[in-house]
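The values are calculated or read from the model by the stated rules, or taken from the named source; none is laboratory data. Computed from a prediction, not measured in an experiment: that's the story for all the values here. Every residue, glycine as well, gets a Cβ built from its backbone with ideal geometry; the counts of neighbours run over all protein chains shown. These accessible areas exclude ligands, DNA and RNA; they are computed on the full protein's heavy atoms, side chains included. Shrake-Rupley method; radii C 1.70, N 1.55, O 1.52, S 1.80 Å.
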Amino acid sequence: MQKLGAEFFGTFWLVLGGCGSAVLAAAFPEVGIGLLGVSLAFGLTVLTMAYAIGHISGCHLNPAVSVGLWLGGRFAARDLGPYIVAQVLGGLAAGGVLYLIASGQAGFDVSAGFAANGYGEHSPGGYSLVAALTAEVVMTMMFLIVILGATDGRAPAGFAPIAIGLCLTLIHLISIPVTNTSVNPARSTAVALYVGDWAVAQLWLFWVAPIVGAALGAVVYRFLGKSNG
């Protein structure tokens, strides 16, 4: 229960910090943090939680990461389902808190996006389904390679959260224009269910693509990281 609680609150912080920065601060008059600020916010949530709860639960905060770590031989299959449930519930709780805060502003319209992920007409840059699918698969694959490499016993100790947080920042810098960046089914679900309509209809991609990408990342790192000794 301690591990599941850590995953719940860790994912809560990721969604509140990352999506909250996009909804509340990205375009705030005159002092908006913009794409760079939102990207950094997502990276900082993972970095801070990795130090706070990494020693408790491993700080997955992401169903795709849990799947990738399982396929990479770093995580027990029996814990996979409970971890994913805790992550999704933590994300939904953060989405609820963010909705309460955001709806306190006159003129708030949740259907305008609420940091939801999308493709086609709901992509920030108008990117197609194929482009969105490709971006999410490749970005998640690279994320898993970095996670598995940074947490390898042969890697420098104590620096994994920095590498992982900066990797997530870079991923957002690249792909926010394409999909608003998911690479995390819990993060996508956390806001899509409050938007409803198109966001729920397109949510399938942000479960399928990150999990496929994570599986590919696990396969690649098992090859790259295997010991020859």
Cβ pairs under 6 Å, 6+ apart, first in the stretch 1-21 and open to solvent by less than 30 Å² (accessible area, probe 1.4 Å), second charged (D, E, K, R) and assigned to a helix (DSSP H, G or I): Val15/Arg187
Those helices (runs of 4 or more DSSP H) lying entirely in the stretch 92-195 with at least 1 residues among the basic types (Lys, Arg) and closer than 18 Å to Gly68 by Cβ: 185-195
For Arg222: the one exception among (1) open to solvent by 60 Å² or more (accessible area, probe 1.4 Å); (2) farther than 30 Å from Ser111 by Cα; (3) not in a helix (DSSP H, G or I): (3)
The stretch 74-97: number of residues that are crowded, with 16+ Cβ neighbours inside 10 Å and β-branched (Val, Ile, Thr): 2
Residue match in the stretch 49-63 (condition: open to solvent by 60 Å² or more (accessible area, probe 1.4 Å) and either among the aliphatic types (A, V, I, L, M) or not in a helix (DSSP H, G or I) (or both)): yes
Scope the stretch 22-44; condition without any contact (Cβ under 8 Å) to a residue 60 or more places away in the chain and surrounded by 20 or more Cβ atoms within 10 Å (Cβ to Cβ); matching residues: Ala41
Thr134 farther than 17 Å from Ala22 by Cβ, among the polar types (S, T, N, Q) and surrounded by fewer than 19 Cβ atoms within 10 Å (Cβ to Cβ): yes
Among (1) of a type in the set (A, V, I, L, M); (2) over 29 Å from Gly73 (Cβ atoms); (3) free of Cβ contacts under 8 Å to residues at least 12 places away in the same chain - the single one Val178 does not satisfy: (3)
Residue check for Leu100: under 30 Å from Gly217 (Cα atoms), open to solvent by 50 Å² or more (accessible area, probe 1.4 Å) and hydrophobic (A, V, I, L, M, F, W, C): no
